[in-house]
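Right, one structure below, let's go through it.
Any read-out appearing in this document is the output of simple, stated calculations on the displayed coordinates, not a laboratory observation. Treat the numbers as computed from the prediction; the structure is a model and nothing was measured. Cβ coordinates were reconstructed from backbone atoms using ideal geometry, including for glycine residues, and neighbour counts include every protein chain displayed.
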Amino acid sequence: MVDMDKLVVLVNSFGSALVSVSGELGVSVNLNKSQVTQGVKVHNVCAAALIGIVGGGIQGTAIVMLDKNSFVAVINAMSGGMINPSVDDAMSMSVIGELSNMVSGRALIQSSIPGIDVTPPQLIAGDNIRNVPNQAPGIRCFTLPFTIQNSDTMLYLVLSFHIGK
């Protein structure tokens, strides 16, 4: 459960962390502010890394979801071109897991909410991956869509939190 003030801080911290971490890795991403939405709205995703967020009164998930072109761009940038981007390759997928770890760590530092911890990433690959949000009362999901600079390549950050009393 999370109160609304913490929710706002976490959503903003995760979005900001994705922009800053990606930029430091050589992948400049821009948040499509007009397309930020409650719920889950992703398209053509081939790889994802899910992190659980727990503690400090928080219970939720953060999922970095990539289309094929953003997957290739991230793998090439993070490996310096040393890893052949393939969703069937464990090394390529571990790079996506590391990106989600770096983003989560940065977001938790920025949020300054004590007692929060994250789980190791769960890696998911396949054609047209979808995230089916939990429809239970008190669950809030947000999709933050990003484009990689100078392209129409999409990278999504999907955040889901249990809120309530």
Using a Förster distance of 25 Å, how high is the FRET efficiency between residue 127 and residue 33, based on the Cβ-Cβ distance and rounded to 0.05?
0.30
With the dipole of the chain worked out from charges on the C-beta (+1 for Lys and Arg, -1 for Asp and Glu) around the Cα centre, which of 32, 124, 7 lies farthest toward the positive end?
7
Pop the C-beta distance of residue 136 and residue 8 into the FRET formula with R0 = 30 Å and round what comes out to the nearest 0.05.
0.90
For a quick check, take a GNM of the chain with Cα springs below 10 Å and name the residue from 108, 25, 144 with the largest mean-square fluctuation.
25
Cα-based helix-to-principal-axis angle, 68-79 vs the chain, degrees rounded to 10
80
What angle, in degrees between 0 and 90 and rounded to the nearest 10, separates the Cα long axis of helix 90-111 from the longest principal axis of the Cα atoms of the chain?
40
The range 25-78: C-alpha gyration tensor shape, a/c 1.5 cut-off, then a/b vs b/c
prolate
Distance in nm between pseudo-label sites at residue 98 and residue 149 (7 Å out along the Cβ direction from Cα):
2.2
Give me the distance between the Cα centres of the range 36-80 and the range 89-130, rounded to whole Å.
7
How would the range 69-165 be classified by its alpha-carbon gyration tensor: rounded, prolate or oblate, with rounded meaning a/c under 1.5 and the a/b versus b/c comparison settling the rest?
prolate
Degrees, to the nearest 10: 4-24 long Cα axis against longest axis of the chain
20
Rounding to the nearest 20 debye, state how big the charge dipole of the chain is about its Cα centre with +1 on each Lys and Arg Cβ and -1 on each Asp and Glu Cβ.
440
How high is the relative contact order of the range 59-165, given as a whole-number percent (alpha carbon pairs under 8 Å, six or more residues apart)?
38
